[in-house]
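Worksheet: one structure, shown below.
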Amino acid sequence: RHSFPTRRSSDLWIDRPYASAVGAFDWNPAQFPAPAAMIAAAHAAGLRVALWSAPYVEDVEAAASLRLEAENQGYFPPKVALLTSNWGEPIDLTNPAAYAWWQGLIHNYTDMGIEGFKLDYAEDVVCELAGTRTGFRFFNGDTERRGHWFYPQGYHAAYRAALDRWAGGDGFLIGRASSWGGQRISDLIWPGDLDNDFSNHEGGRVGGLRAAIHGMVSLAESGFPSFASDTGGYRGGMPDREVLLRWAEHTALSPFMQLGGAGTSHNPWAYDPDAVRIYRGLARL
């Protein structure tokens with residue numbers, strides 16, 4: 001068991017890639033030669049530590065043994081016609097054996113002191129692609145029609161239960177997709193990697209600021225109190241000045257305010273002094 005400082009108000013979130021492969025549940029030794037010592041040092045500095053995760057086992061050599069075990073034990077959905085993830089099909093967490101196996105892998109990290117997870121993906125259990133049914137068949141009898149709504153909740157619940165069991169019940173989860181009822185499980189939803197513009201989610205586009213506003217309103221109606229989108233979006237690099245500042249107006253009055261991540265920069269001081277003045281006022285607000 002870990003002994004932590006009584007007050008820690010900041011968090012360190014390590015995004016991918018930090019493992020040898022997606023779903024390997026390890027650390028890339030070239031990047032992190034002493035992960036346990038690193039986590040201990042972060043705790044000593046008053047930081048909580050969270051990791052990125054996704055419900056896949058990548059079909060590469062670094063994760064080959066886990067991938068083979070999952071295939072041999074039937075831990076993947078028995079039938080999927082079409083996939084949207086580059087990492088293959090998601091683990092079938094409606095299967096109690098697969099659920100327990102996945103939680104055991106999560107324990108590899110919680111045992112080192114990890115107290116939170118950014119849970120990416122899971123919304124790829126869609127009903128159709130280009131007019132063709134995806135054909136998901138889950139252990140509990142669900143198809144993609146019900147799985148589209150409830151697979152993300154089961155995915156998040158596996159991590160919540162692991163954190164409750166092995167991280168003292170004070171873990172943090174940020175998810176990318178959910179539905180009504182999922183607010184019991186996830187602490188925060190962010191709408192994924194949005195475009196760096198004003199577009200909506202249509203015509204094959206992920207969407208930008210309009211999609212973020214739509215997502216927040218929809219989740220609020222579904223009972224979620226906490227939502228955050230990347231100010232300025234993520235896809236497409238550095239946003240236009242007006243996109244950044246209009247988006248900042250939105251996130252300044254959202255439950256959380258954060259800058260986007262991809263591209264050269266999303267920092268207001270990369271534009272001009274007046275952009276800094278406007279952004280500073282919104283941040284203070």
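The values are calculated or read from the model by the stated rules, or taken from the named source; none is laboratory data. Owing to the predicted nature of the structure, the values given are computational and were not obtained by experimental measurement. Ideal geometry is used to build each Cβ from the backbone, glycine not excepted, and the neighbour counts take in all protein chains shown. Quick note on the areas: whole protein, heavy atoms, side chains included, nothing else; ligands and nucleic acids left out. Shrake-Rupley method; radii C 1.70, N 1.55, O 1.52, S 1.80 Å.
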With only Lys, Arg, Asp and Glu charged, each at its Cβ (+1 for the first two, -1 for the last two), find how big the charge dipole of the chain is about the Cα centre; round to the nearest 20 debye. 680
Out of the trypsin sites (Lys or Arg not before Pro) in the range 140-215, which ones are loop residues according to DSSP with at most 10 other C-beta atoms within 10 Å? none
Over the range 91-183, calculate the relative contact order: mean separation of alpha carbon pairs under 8 Å at least 6 apart, over the residue count, as a percent. 38
Can you put K118, K79 in order of accessible area, largest first, using a 1.4 Å probe? K79, K118
Could you give me the percent of Cα pairs per 5 Å distance bin for the range 203-285, shortest bin first, beginning at zero and ending with the bin that holds the maximum distance? 3, 16, 26, 24, 18, 9, 4, 1
Dipole check, the chain, charges on Cβ (K,R +1; D,E -1), about Cα centroid: among W247, W52, G171 the Cα furthest to the positive pole belongs to G171
Summing -39500 (n - 2.57) over every DSSP H run of at least 4 in the chain, dividing by its residue total and rounding to the nearest 500, the 222 nm mean residue ellipticity is -10500 deg cm²/dmol
Between L12 and residues 5 or more places away or on another chain, which pairs have amide H atoms under 5 Å apart, with H built 1.01 Å from N, and which residues are they? R48, V49, A50
Once the piece of chain linking A41 and T264 is laid out straight, how much longer is it, given 0.36 nm per residue of separation minus the C-alpha distance between them? 77.3 nm
Indicate the helices, whole DSSP H runs only, in the chain that combine a mean Kyte-Doolittle hydropathy of -0.5 or more with a Cα extent along their long axis of 15 angstrom or more. 96-110, 209-221, 241-252, 273-284
Return the inverse of the average 1/r over all pairs of distinct C-alpha atoms in the range 109-205, which is the Kirkwood hydrodynamic radius, in Å to one decimal. 15.0
Give me D for the range 103-151 in µm² s⁻¹, whole number, from Stokes-Einstein with Rh from the Kirkwood sum over alpha-carbon pairs, 37 °C and 0.692 mPa s. 253
If I build a Gaussian network model for the chain, linking alpha-carbon pairs within less than 10 angstrom, which residue out of I14, I189, I114 has the largest mean-square fluctuation? I14
Taking H placed 1.01 Å from N in the peptide plane, check which residues at least 5 places from L129 or on another chain put their amide H under 5 Å from its amide H. T134
Extent of the range 1-117 along each principal axis, from alpha carbon coordinates, in Å, largest to smallest? 48, 30, 23
Given q = 0.13, 0.15, 0.20 Å⁻¹, what are the Debye log10 I(q)/I(0) values for the range 165-229, with equal point scatterers placed on the Cα positions and solvent ignored? -0.39, -0.50, -0.77
Kirkwood Rh for the range 144-285 from C-alpha pairs, in Å, is 16.1
Cα centroid distance between the range 125-142 and the range 52-93, in Å? 16
For the chain, convex hull volume per residue from C-alpha positions, Å³: 145
